[in-house]
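Every number in this text was worked out from the coordinates using simple rules, so none of it is lab data. Keep in mind it's a predicted model, so treat the numbers as computed, not measured. All Cβ positions, glycine included, derive from the backbone under ideal geometry; neighbour counts span all protein chains shown.
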Amino acid sequence: MSSPREEPPLVIGITGASGAPIALRVLETLAKTDVPVALVVSDGGETVLREECGKYARDLEELVDRVYDDGDFTARIASGSTPTRGMAIVPCSANTLGKIAHGLADTLITRSAHVHLKEHRPLVLVPRETPLSVFTLRNMTLLAEAGGILLMAAPPYYLKVTTVDGLVDYLAGKVLDHLGVPHQLYRGWKAEDPDG
Ligand SMILES: Cc1cc2nc3c(=O)[nH]c(=O)nc-3n(C[C@H](O)[C@H](O)[C@H](O)COP(=O)(O)O)c2cc1C
């Protein structure tokens with residue numbers, strides 16, 4: 001993609017939970033828009049990305065404006081004085097979720113998430129884990145109380161999505177809904193016309 005743009009970026013973090021195809025769909029969709037994207041992939045995220053999508057973080061460079069190393073605290077998105085449009089951590093591991101919930105900021109992803117919460121900007125977290133431990137349940141509550149949006153990677157059975165690809169579209173669309181990015185990844189539920 002072309003050189004970095006001046007508009008505030010959307011920050012996308014990929015961590016080591018199952019669900020890397022959702023992140024890929026979010027990035028592919030954003031690449032067709034004018035929204036600049038800053039991407040950070042944790043080591044765990046890279047492992048799962050390879051496992052589930054057969055890709056490395058470097059393969060995603062062409063889809064985004066900027067890729068930061070997860071240990072790079074000099075990155076602009078580590079600072080609250082850098083405006084952003086919001087952040088999604090997709091998928092979000094229980095590990096990363098727990099760290100953010102407790103104010104830890106020892107990676108660029110957790111630091112940038114901390115910044116989004118303290119600056120009251122949108123932060124969408126997409127956990128996949130099931131069943132949930134009492135730790136993760138409490139951590140999710142803490143994050144919701146702090147303003148985070150917990151968007152479980154859960155299927156919408158009422159939409160009659162019949163393929164994994166359709167589910168990935170739906171979940172990627174839900175992430176973009178919460179970040180205010182228009183898309184055509186899924187159509188919401190509509191009651192059937194009893195006369196139709
Ligand atoms: C194939 C694979 C799937 C995984 N799925 C999950 C998952 O769904 N949820 C989760 O919390 N951790 C999952 N893990 C474990 C995390 O990757 C691990 O806890 C890692 O330390 C997370 O690091 P990060 O938070 O820095 O990305 C998975 C690991 C592998 C290798």
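For the chain, with only Lys/Arg (+1) and Asp/Glu (-1) charged at the beta-carbon, what is the dipole magnitude about the Cα centre, in debye rounded to 20?
360
When the helices in the chain are scored as -39500 (n - 2.57) per DSSP H run of 4 or longer and the sum is shared across all residues, what 222 nm value do you end up with, to the nearest 500 deg cm²/dmol?
-10500 deg cm²/dmol
Amide H neighbours of residue 37 under 5 Å, at least 5 residues apart or on other chains, H built in the peptide plane: list them.
For residue 37, whose amide H was placed from the backbone, the distant partners under 5 Å are 10, 65, 66.
Only counting other Cβ atoms within 10 Å, I'd like 124, 41, 35 sorted with the fewest neighbours first.
Going from sparsest to densest Cβ surroundings: 35, 124, 41.
Starting at the first residue of region 97-104, write each ³J(HN,Hα) from the Karplus equation 6.51 cos²θ - 1.76 cosθ + 1.60 with θ = phi - 60°, in whole Hz, x for Gly and Pro.
My calculation for region 97-104 gives 4, x, 5, 5, 4, 9, x, 7 Hz in order.
Can you give the Rg and Dmax of region 10-178 based on its C-alpha atoms, in angstrom?
Reported Rg and Dmax, both Å: 14.7, 45.
Specify whether the C-alpha gyration tensor of region 67-147 places it in the rounded, prolate or oblate class, a ≥ b ≥ c being the square roots of the eigenvalues: rounded for a/c under 1.5, otherwise prolate if a/b is larger than b/c and oblate if not.
Since a/c reaches 1.5 and a/b is larger than b/c, the shape of region 67-147 is classed as prolate.
Tell me which of 137, 29, 63 sits at the most positive position along the dipole axis of region 10-178, charges placed on C-beta atoms (Lys, Arg +1; Asp, Glu -1).
Comparing the listed Cα positions along the dipole, 137 ranks first.
Can you give the angle from 0 to 90° between the axis of helix 20-30 and the longest principal axis of the chain, with both taken from C-alpha atoms, to the nearest 10?
Tilt of helix 20-30: around 90 degrees.
Loop-only trypsin sites (Lys or Arg not before Pro) in region 114-173, please: DSSP not H, G, I, E or B, and at most 15 other Cβ atoms within 10 Å. The partial results should precede the final answer.
Working: sites: 118, 128, 138, 160; in loops: 128, 160.
Filter output for region 114-173: 160.
Please list, in order along region 173-190, the HN-Hα scalar couplings obtained from phi with the Karplus expression 6.51 cos²θ - 1.76 cosθ + 1.60 (θ = phi - 60°), rounded to whole Hz, x for Gly and Pro.
In residue order, the calculated couplings are x, 4, 4, 5, 3, 6, 9, x, 9, x, 7, 10, 6, 8, 10, x, 5, 9 Hz.
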